[in-house]
Each structure stands twice: as structure tokens, then as C-alpha cells.
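The values are calculated or read from the model by the stated rules, or taken from the named source; none is laboratory data. Remember, it's a predicted structure, so these values are computed and weren't measured experimentally. In this analysis, Cβ positions are derived from the backbone assuming ideal geometry, glycine residues included, and neighbour counts consider all displayed protein chains.
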Amino acid sequence: MSGSARIPRWVDLLVIPALNLALAFLVCGLLILAIGENPLRALRVMIDGAFVYPGSLGYTLYYTTNFIFTGLAVAVAYQARLFNIGGEGQAAIGGAGVAIVCLAFDQVLPGPVTMILAIAAAALFGAAWAFLPGLLQATRGSHVVITTIMFNFIAAGLMVFLLSGPLMRPGQSTPQTRDFAEGATIPQWHEIAGWFGESVARTPFNASLLLALLAAVGVWVLIYRTPFGYRLRTLGESEPAARYAGVSVPGTIIAAMTISGALAGLMAVNAVLGGQDKLVLNFTGGFGFVGIAVALMGRAHPVGIVLASLLFGALYQGGAELSFEFRTINREMVLVVQGAIILFSGALRHMFDAPLARLFAKPEPAPSTAGAR
Amino acid sequence: MAEIWLDIAQVLASTLRLATPLILCALAGMFSERAGVVDIGLEGKLLMGAFAAAAVTSLVGSPWIGLLAAIGASVILALIHGFACITHRGEQIVSGVAINILASGLTVVLAIAIFSQGGSTPSLSRDERFDEFALPFADTISGVPFIGPLYAETLSGHNILVYVALLMVPITIYVLFRTAFGLRLRAVGEAPEAVDSAGYSVAFLRYRAVIIAGVLCGIAGAYLSIAHGGGFVREMSAGKGYIALAALIFGHWKPMPTLFACLLFGALESTATRLSNVSLPGIGTLPVDVILLAPYILTVILLAGFVGRAVPPRAIGVPYVKER
């Protein structure tokens, strides 16, 4: 953030993300050109695929919901300069929580009660999976990045174990649970529309989007309107300063990671409890990693994250369309866009500081304030 | 008795084959991290190297040119990492994540664009790969008890890149601990300001470290796709870059302990299927996937400081800002 002090806020919030996005698209455009296709046509296909075709908007918003959760998860930790790159594992374990609750209670308890318990389990399981790395960093000094990488793999192995044994649907051999009882799952958009006599295409888009938006508001309040958020941001700016100001550094690290994990775990509410109504292997599909790009693009601010999630939701849904329209390009192109965005808006974020500062430099401070230095 | 010994010798041989990419990647990480640049992009460079090797070999026909291509592709990613982390002082973790995601997307995109085989490259014929060969006298000595099988089955009969990986260990020890370059490289990871005031460029030293890491990951990638395997398939690195990172930490960023960590993790992988048949009291048999988690679990335990303590280079992950 060293350079942003000299750059007007609107440039930092609008121009820089736009520039990063343009660069990422430029890289991919050149790649598509090199492959021998027309990049503008590819862009057109992606836009149609994301918004225009029947049902496409539903899928776009379904992906968006996933990304809001994982993006917020990365952002909360990032406010304290912690990299939680374990969103993938935390979401997976959150899914296990949802499945365990649903399989245990959906025949016994009323649907809405099971649903609320399952949502709580998603958050709780995800939180637990991030609590350990947080605890280890805070008390034992093991770096949270390495631990969360390891925890991603451990989670993946555990999920294989759970879905090929204890949680597997009886009498079959695919790694998935049975369908959850209808009343316990979160209603999908086409069902809700059906209640009002409307007919919309069947997509996994469901009411979890409301929960995601609620979470975004909650994170905004937490970060910018609570003492905890203040401590979090102080720690992110400077650990010695935080310590000097009396912030409990270990406690803040553990809390930040736990909240981050809970948010990542909630992704399972959308994907498992809302989208598929059962737990299937690898339902996280790399969305935990997308959260990193979303958080960086959205400047770790909830509003930015919601917008960046919509962008990535459209990219993912539109990218799927590429494989149908072109013989030589396919949806992995989205990974390239994603990687380029992380590179430009994350690792290379200081590259434009100097030129932009020159371009948008604030007018010279008035003599009275200059004299105060 | 001789039967069992032969069996063990063969398990050791497969351990060596599975450990080879880990050794190369872990040494790559050692150069980079000893110089103070965190490298979680090992996985991406490995994957990119594997793709470049297989793609170029199947187009040109020579595994040697494929190897060069792998090194070139991996070094390009390493230079991007260096440009972001050294020149622009970006966050090294973020850069590494970007490189891993870029590699996993680019390899499939390019494979489909060039070969239209769903993200794979055509399978390579025997003479397009680094073939296995017997060391001298392997046949003659194989009859000798104990040493015979160990030489003929374990050490002999690998492709050349296995021996390159093994040779890289003493070379790394020599370069890092017996040369002026190695001293400066290690110093730049511990106290860059001291190296700077001695008149050496921190940035140039770190760039060289990152490039060496790129070269080694490239060789490891070539091993996966044109030596051990016969072609590229999507995501063929399958987390090996991360296991190498774990081995590096497990080996306390030191060459010999890291080598043993790689061999240990290789042995786990080569015996996982056998171990999954062993019934444990109270738990029953463990699935292969759970046994394969051991490297990750062991690394977490080690990092938590419950078994020894892994102390990273002091200036690791910190971009160097020259005092004005």
C-alpha cells in the first residue's frame, strides 16, 4: 500500500483494477490470436454464454455466489496480511459438515431446522479447518501459507476417504452421498419462481446468494465498524505497531483465520446444500483458489469482492461456452485469465504505482500544510 | 531370503524413480528460498516443463531438444516470478499462486490448440524418450548376494535424468557451501543488507537463484513427461511440486536431509498400495489416498515444532529495499 498514499483513492479503486483486467484480457487475447482464433469473437461467445443464452444467467449467479464466499474468506485474512490459500480445503470440509448434518437429521428433524444446522455446520467445519493453521502460526510460528497448502491436500484425501466409505450412498460405488431430503435443502431459483407461477430455466442458482450478500455486509461491518476490524487492519499495516498499541497478535491471527475459514466453508452451502442437494467429490472445483483472484481484484473490500465475483462468475460460465463454439480453445482459457489477474493485480500491483502517481498526482499541498512538516 | 532382498531392491528402485522429480524440485526450491525468494510456484514450473518437453519432443522427435524446451519454459515462469518479486517487490506467495494457476491453464489450452487431444500430447515412442539403461557390469554383479541386487535392480536400469537428479545433490552442496557464489546466495537470504553493503547486487543474485530454480524444475518436468512417462496429460504434476516444498521444509533447507525427505516421500508413494492392504489395529485398513497424505501431515507436525524445528532463511519472503 506504500504507493497508494500518493495516488487518489478513485484511481486506486477504479483505474488500477480496470487496468489489471485490461492487461489480463490483453494477454489472453494475444494467446487466442496466436492459436489462430478471433479474440473478439471469443469474447462475444463468453458474454453470450454468461448472460444471454437461456439459463446462462442462473449459472453465472451460481458461480458468483461461490466466489463471494471464497473471496470474502481470502479478504478477511488478507486484511491482517495473512494469506489463507486454504479456501479450497476449508470449503471441502464445510461440505463434509453439510453432508454429515443432512444425512443424520434430514429424516428426523423438520426441513428448515436441518437447513439451519447444515449452514451452521458448513461455517463451523470450515472454521475448524482454518483454526488449526491459524493456531499453529500464532503459537508455534509455522507459516500459515505452507500449513494451509498442506491442509488442502489433507482435506482432499479426507474427502476421498469419507465419500468412498462412511458418507457414500449405500448400494453404489460413485463417490457421492445420497440426495438430501427436499425440505432441508436451499430452494433453487427455478423452484422459487415456480411458487409464483413463473417458469425459468433449471439451474443450480439458489437462495444462497442472499446469504452471500448478507455475509458481504457482515464482513464490511466487521472490518470497518468494529474494534476487532480495527485491530485486524492495524495488524495488517504493521505488526510492531499493533503490538505496541496493545493488540493481541496471536488472538487476532487466530480469529482472522477462523472467520476466514467459516466464510470459505459457507461456500458449501451454495454448492452442496443449494446447488447439488448432495455431496459429490471435488465439488470445490478450484473455486477456493478463485477467491484469491477475487479478493485481489476487489481490493479486499466487500463491495469490490461482490463486483469481482460477478466478473469471475461470468468468466466461468462464459468460459464453459468456449469449448462448444471453438475447436481449439476451451474453458481452461479462464484459468489463464485468472492467473494473469492474480499476477497483475496481486504480484505486480506496484508496477503502475510510479507512472500512475505521475499521471494523477494530487496538486501540490497548500503552503500552510507543507510548512507543518 | 534372496527373494525378499530382490523384492526390497525393486521397491527401492521404484522409490528412486518416484523421488527423482521431488529431488529436482526440492533443490530448485532450495536455491530460491536460500536466496530469500519463497517459491510455491514449483508445481507450476514442473507442470509447464512437463508440457513443453512432451510437446516439443513430439513435434521435433528428439528428447534432448524437449529437455531444453522444458528448461526454457520453466525458466520463463521463473523470470516472471523474479520480475514480480525482485524487480517490483510484489508478494511472493501471490506470484507463486499466479504461476501455478497460469501453468495449469496454459498447458491445457496449448495442448488442445496444438494437438486437439483433450489436453494431452501424443504418446511418445521409445526412441523419443530418455530410455532406461543398465549401468556397466550390472549383469555380472547381479549374482553377488546383497550387493548384486542392490546394484543391478536399485541403482542400475534408470533413465539418465534419475542420475542427473542424484548428481545434482553433491553439485548443490558444492555450489551452495563451497563457492563464493553460494556464500553470497545464502547471505542474500539471511542478511541482504550485508551483501548489499559488500558491493554485490541483491537483485542480480536473487535473479540467478530464481533462474537456477527454473532450470531444475524444467528438468523435473521433462522427467515426468518424456522419461518416466511417455507424454503429457493434464495436471500430470499432481501436487509433486508441493510435496517437494514439504520435503524442502522437512529437510530444513539443507541438501542431504532434503534428499532423505524426498526419498522418504518417494518410498511412501511406492509402497502406498502395499500399505493399504495392511490392517491396523482398531482402524482397519487405510485407503491409499489417506496413506499418501503422510508427507503433508508430517510437514505440518514438523512445522509446528513438535519434532525438531524448521527454521527458514531469515530474510525469506521479504523484498529487499535498497537504502537511499
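Can you spot a residue in the stretch A:225-241 that is of a type in the set (V, I, T), outside any helix (DSSP H, G or I), surrounded by fewer than 16 Cβ atoms within 10 Å (Cβ to Cβ) and at pLDDT 90 or above? Give the steps one after another, and end with the answer.
Of all residues in the stretch A:225-241, those of a type in the set (V, I, T) come to A:226, A:234.
Filter again for outside any helix (DSSP H, G or I), leaving A:226.
From what's left, surrounded by fewer than 16 Cβ atoms within 10 Å (Cβ to Cβ): A:226.
Remaining after also requiring at pLDDT 90 or above: A:226.
Yes.
Would you pick out the residues in the stretch A:75-105 that are among the small types (G, A, S) and within 13 Å of A:T284 (Cα to Cα)?
Initially, the stretch A:75-105 is screened for residues among the small types (G, A, S), giving A:75, A:77, A:80, A:86-87, A:89, A:91-92, A:94-97, A:99, A:104.
Residues satisfying the conditions are A:G86, A:G87, A:G89, A:A91, A:A92, A:G94, A:G95, A:A96.
Of all residues in the stretch A:48-75, how many are surrounded by fewer than 14 Cβ atoms within 10 Å (Cβ to Cβ) and either free of Cβ contacts under 8 Å to residues at least 12 places away in the same chain or in a helix (DSSP H, G or I) (or both)?
Kept after step one, since they are surrounded by fewer than 14 Cβ atoms within 10 Å (Cβ to Cβ), are these residues of the stretch A:48-75: A:51-52, A:54.
In the following step, the residues that additionally are either free of Cβ contacts under 8 Å to residues at least 12 places away in the same chain or in a helix (DSSP H, G or I) (or both) were identified as A:51-52.
Residues flagged as surrounded by fewer than 14 Cβ atoms within 10 Å (Cβ to Cβ) and either free of Cβ contacts under 8 Å to residues at least 12 places away in the same chain or in a helix (DSSP H, G or I) (or both) within the stretch A:48-75 amount to 2.
Might you let me know whether the stretch A:91-98 holds any residue that is over 26 Å from A:F228 (Cβ atoms), in contact with a helix residue (DSSP H, G or I) (Cβ under 8 Å, 6 or more places away or on another chain), within 14 Å of chain B (Cβ to nearest Cβ) and part of a helix (DSSP H, G or I)? Talk me through it step by step, then tell me what you get.
Here is the first cut: in the stretch A:91-98, the residues over 26 Å from A:F228 (Cβ atoms) are A:92, A:95-96, A:98.
Those left that are additionally in contact with a helix residue (DSSP H, G or I) (Cβ under 8 Å, 6 or more places away or on another chain): A:92, A:95-96, A:98.
If we keep only those that are within 14 Å of chain B (Cβ to nearest Cβ) as well, we get A:92.
When the remaining residues are screened for being part of a helix (DSSP H, G or I), the result is A:92.
Yes, that holds for at least one residue.
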* **Of residues in the stretch B:116-130 being within 25 Å of the chain's Cα centre (by Cα) and within 14 Å of another protein chain (Cβ to nearest Cβ), the one nearest to A:E332 (Cα to Cα)** => B:G119
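Yes or no, residue by residue, for (1) under 30 Å from A:R331 (Cβ atoms); (2) within 14 Å of another protein chain (Cβ to nearest Cβ); (3) at pLDDT 85 or above:
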{"site": "B:A227", "(1), (2), (3)": "no, no, yes"}
{"site": "B:E235", "(1), (2), (3)": "yes, yes, yes"}
{"site": "B:Y242", "(1), (2), (3)": "yes, yes, yes"}
{"site": "B:P255", "(1), (2), (3)": "no, no, yes"}
{"site": "B:T258", "(1), (2), (3)": "no, no, yes"}
{"site": "B:T273", "(1), (2), (3)": "no, no, no"}
{"site": "B:L286", "(1), (2), (3)": "no, yes, no"}
{"site": "B:Y296", "(1), (2), (3)": "yes, yes, yes"}
{"site": "B:L303", "(1), (2), (3)": "no, yes, no"}
* For the subset of the stretch A:1-47 comprising residues that are assigned to a helix (DSSP H, G or I) and β-branched (V, I, T), which member is nearest to the other protein chains (Cβ to nearest Cβ)? -> A:I35
* Would you mind stating whether A:G304 is in contact (Cβ under 8 Å) with a residue 60 or more places away in the chain and either surrounded by fewer than 24 Cβ atoms within 10 Å (Cβ to Cβ) or away from every other protein chain (no Cβ under 12 Å) (or both)? => yes
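Take the residues in the stretch A:242-257 that are assigned to a helix (DSSP H, G or I) and more than 17 Å from A:G141 (Cα to Cα), then tell me which one is farthest from the chain's Cα centre (by Cα).
So in the stretch A:242-257, the residues assigned to a helix (DSSP H, G or I) come out as A:242-244, A:249-257.
Checking the rest, the ones that are also more than 17 Å from A:G141 (Cα to Cα) come to A:242, A:244.
Values: A:A242: 27, A:Y244: 33 Å.
Checking each candidate, the answer is A:Y244.
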* To do: Would you check if there is a residue in the stretch A:196-204 being closer than 30 Å to A:A104 by Cα and of a type outside the set (S, T, N, Q)?
  => yes
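Being buried (at least 24 other Cβ atoms within 10 Å of the Cβ), closer than 26 Å to A:I329 by Cβ and either within 12 Å of another protein chain (Cβ to nearest Cβ) or more than 19 Å from the chain's Cα centre (by Cα) (or both) narrows it down to one of B:A70, B:A103, so name that one. Spell out how you get there, then give the answer.
Numbers: B:A70 fails: either within 12 Å of another protein chain (Cβ to nearest Cβ) or more than 19 Å from the chain's Cα centre (by Cα) (or both).
Answer to the check: B:A103.
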* Right, B:V290: among the β-branched types (V, I, T), over 30 Å from B:V195 (Cα atoms) and at pLDDT 80 or above or not? -> no
* Filter result (assigned to a loop (DSSP other than H, G, I, E, B), facing chain B (nearest Cβ under 8 Å) and either touching a residue at least 60 places away in the same chain (Cβ under 8 Å) or not hydrophobic (A, V, I, L, M, F, W, C) (or both)) within the stretch A:331-353 -> A:E332, A:R349, A:H350
* To do: Might you check whether a residue that is within 10 Å of chain A (Cβ to nearest Cβ), assigned to a helix (DSSP H, G or I) and among the small types (G, A, S) occurs anywhere in the stretch B:44-51?
  => yes
* Kindly indicate whether any position in the stretch B:91-99 is within 14 Å of chain A (Cβ to nearest Cβ), touching a helix residue (DSSP H, G or I) at 6+ places or on another chain (Cβ under 7 Å), part of a helix (DSSP H, G or I) and among the hydroxyl-bearing types (S, T, Y). => yes
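Let's see how each residue does on (1) modelled with pLDDT of 90 or more; (2) touching a His at 6+ places or on another chain (Cβ under 6 Å); (3) more than 7 Å from chain B (Cβ to nearest Cβ):
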site	(1), (2), (3)
A:L136	yes, no, no
A:T139	no, no, yes
A:V145	no, no, no
A:T148	yes, no, yes
A:N152	yes, no, yes
A:M159	yes, no, yes
A:S164	no, no, no
A:A181	no, no, yes
A:T185	no, no, yes
* Asked: How about the stretch A:182-202: which of its residues are surrounded by fewer than 18 Cβ atoms within 10 Å (Cβ to Cβ), of a type in the set (A, V, I, L, M) and not in a helix (DSSP H, G or I)?
  -> A:V200, A:A201
* Asked: All but one of (1) more than 10 Å from chain B (Cβ to nearest Cβ); (2) closer than 24 Å to B:A103 by Cβ hold for A:S323; which doesn't?
  -> (1)
